[in-house]
Every structure is written in C-alpha cells, then in structure tokens.
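Report on the following structure.
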Amino acid sequence: MSDEPKAPPGVRPTLAAVALLAGVSNSTASLAFSGTGPVSDATRERVLAAARELNYAGPDPRARSLRRGRSGIVGVVIEEHVRDAFRDPIKIALLDGISQELAAIDAGLLILTDTGEAAGRIQDASMDAVVLIGCSPRLDESVAALRQRGIPLVAIEGDPSGDVMTIGQDNREATRLAAQHLWDLGHRDVALVTLPLDRDRIRGSLTSDREALGSSNTTMERLAGARDVFPDAAAFTARGSFVEEGTLAAHALLADPENRPTAIIAQSDLLAAGVIRAAEELGIAVPADLSVVGFDGVRVDGLWPYDLTTLVQPAVEKGRAAGAAIVEMLDGEMPEPISFTSEFHTGNTTAPPSH
C-alpha cells in the first residue's frame, strides 16, 4: 500500500479512495468505519490500514450531519462573557454535567452569550437544541428568539414563559433556611449581597424601585427567601458572582461603624468570600463580629481557615438533568420538569451576634 499516492496537501482524502486502495466496495468501507454490518475482522483491518496510509480520518462529520438532519451541536446560552463564566465554578459544573449526558448522542457544545453584543448568534447559530442558564435577566428574550426557530429548549432555573422544560432549584426555600439560621442565632440586623438584578448588571444599593423592576429570577427568588425572615434587610447588588464584587459590596454595607449589620447573606459563595475579605480589611472578625452565609457549596481558593456556612446546590446533577432532557427531546419525547433541593451546611462563619 505504501506505493499508492496519498491525497495532495490540503485535500481531504475520500472514502472512495480508501475503498479502492483496500480493494473493497464503498459500502463495505463505510461499514468498516461504522463498526456495524457483516464485515470480517480481516476486511475491517485492511480498510483501516488503507485509511491510515491515506491519512483518512473517517467520514466527513458535515456529511453525516446532513444525512441525519442535525448539526450535532447543542447550544448553551450563558448570561455573561465567556471569560467571566469560566471564573464561576457553578457554571463549569453545569457545563460538565450537560456534556456528560450529551456524550450519549455524540453532540458538541456551542457556548453563546446573551450579553446583547452577539444576540444574532442565538437566532442563527446552527444548533439542534439549546440549554438556557436561567440566572440571566435576558431569559425571556432568549426564549422568544429561540422559540421562533422551533428547536428544543431547556432552561436551568429561571421562570420562562410557556411550555419550556425547566430544571428548577429551591432558591427561595434554601435562602429562607439560611436566613432562619441567622435569626435563630439571634441576628436581627442582617444585610444582603445579591447577584445581578437586571440586564444592565448595575452595581449599587438596592432600592424599592430597582427591586420592583428586577428581572433575574434566581436573584429575585433568593432575595425573597431572605425577605421572608428579614423583610427590611438592606441589600447591595453586585455586577456578577465574583470575589471582588463581594468585597466592594461589603465595604459599602460595612462602611458606617455605628450602623453595621451583624450578618450578611451573600447569594453566592464567591460573593461571600469577598465579604469575608472586606471584613478582614476593615478589622472585623468573622464570625465574632460578623456572620457570613453563602450559596452554592463550591471550593473557594484562599478561604481557609474559614469553612463557609452555605447552601450546597447539586450543580453537576442539574447540568446532567438538562443534558438528559435534551437527549429525550431530540428523540421525540417530552421529559417532566425537575426541581433540585439544596443542602444547608453549617460552617464556622456564623455565630451569635456579639452585641
């Protein structure tokens, strides 16, 4: 076989060329690659040897997609820039779970953002289905754009209108549980650091007017859970789930030594880590002078010796549930909505107030 010419540089060798070199029909060569059909081991090895000789990697996936009527791509719409999403361990865990399930159908992931800068990609990207990460304040807009395309949709959290399959999370009840923990410890002056509230991701004190216009379902649900126990708690909204945002928010909430809260509920562990950093910078002891609660249950580098009191959410499992739902929908089935429950973890960042 070594005397046979290889395909010219830059030209993809064909299955027909492999079949000719192996001395078999095109259909037999195809069956040898697929691993199905009545092809002997000796014939399959001869075909594969010919393929190696010609540097042939297998059938063109684009042609296979055309035959199946699918692109082999599932889109995942996230709420922020990709560089920011990959700083968030929850986003990474969700993507990991989704990809684990989609491996069963050999589908790839296409990550799209709904920051407003590339909204057209959501409308025209080649995709078989879409998973929406529902923390996004733009969720309804994304649903409306994708519904026009008639492709399967699954939302992780959020509250999309219509019949969109949703993977839920007990955000309100979980946060209420954390707030009740602080109440039972004796705290009455509690403040909140929230995730982005709206599409503009404005950082600042949360006013009643801004709260009334809030469009991020996850933020609003966690806010409602805290309000169930502390209805008058002051709140500061961050621009994203980042340690530095938690630090900025905490500095604002702790700025007045005469009017400081005795506890802060942060809507993510990264924000909570930022709150602890700000407390250290201000000489405020955690938890002796300030109790801190997070949400997520992720590992935050540099947090030791603190064991954060938090709500542990099953992020990978949520991602897997979304991926499994996509597989079912592409198979013509309609899965039932699923809701996950967080587990309250008592660490060493909460204690009774010192005054």
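Quick rundown of the values:
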read-out: Long-range HN-HN contacts of residue 297 with modeled amide H, under 5 Å; value: 269, 311, 313
read-out: For residue 166, residues with placed amide H under 5 Å, excluding near neighbours; value: 155, 338
read-out: Peptides ranked, highest mean first, by Cβ atoms within 10 Å: ranges 170-177, 126-133, 182-189; value: 126-133, 170-177, 182-189
read-out: Largest-first ordering by accessible area, 1.4 Å probe, given options 99, 354; value: 354, 99
read-out: Whole-Hz couplings from phi, Karplus 6.51/-1.76/1.60, listed for the range 38-43; x for Gly and Pro; value: x, 10, 5, 4, 5, 5
read-out: Largest to smallest accessible area among 349, 14 [probe 1.4 Å]; value: 14, 349
read-out: In Hz, Karplus ³J(HN,Hα) per residue of the range 214-228 (6.51, -1.76, 1.60; θ = phi - 60°; x = Gly, Pro); value: x, 10, 8, 4, 4, 4, 5, 5, 5, 5, 4, x, 5, 5, 4
read-out: Segments 242-250, 38-46 sorted - mean Cβ within 10 Å per residue, highest first; value: 242-250, 38-46
read-out: Amide H contacts under 5 Å for residue 263, placed H, 5+ residues apart; value: 191, 291
read-out: Surface share of carbon and sulfur [accessible, 1.4 angstrom probe, percent] for the range 239-293; value: 48 percent
read-out: Using θ = phi - 60° and Karplus 6.51 cos²θ - 1.76 cosθ + 1.60, couplings along the range 338-351 (whole Hz; Gly, Pro as x); value: 10, 10, 9, 10, 7, 10, 6, 10, 8, x, 10, 9, 10, 7
read-out: Packing-based order for 273-283, 288-298, using average beta carbon neighbours within 10 Å, highest first; value: 288-298, 273-283
read-out: Sequence of 200, 269, 96 from largest to smallest accessible area, 1.4 Å probe; value: 200, 96, 269
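The values are calculated or read from the model by the stated rules, or taken from the named source; none is laboratory data. It should be emphasised that the depicted structure is a prediction, and the values quoted were computed from it without experimental measurement. Here the Cβ is made from the backbone with ideal geometry for all residues, glycine too, and neighbour counts use every protein chain on show. Areas reflect the complete protein model, heavy atoms only, side chains present, ligands, DNA and RNA absent. Shrake-Rupley method; radii C 1.70, N 1.55, O 1.52, S 1.80 Å.
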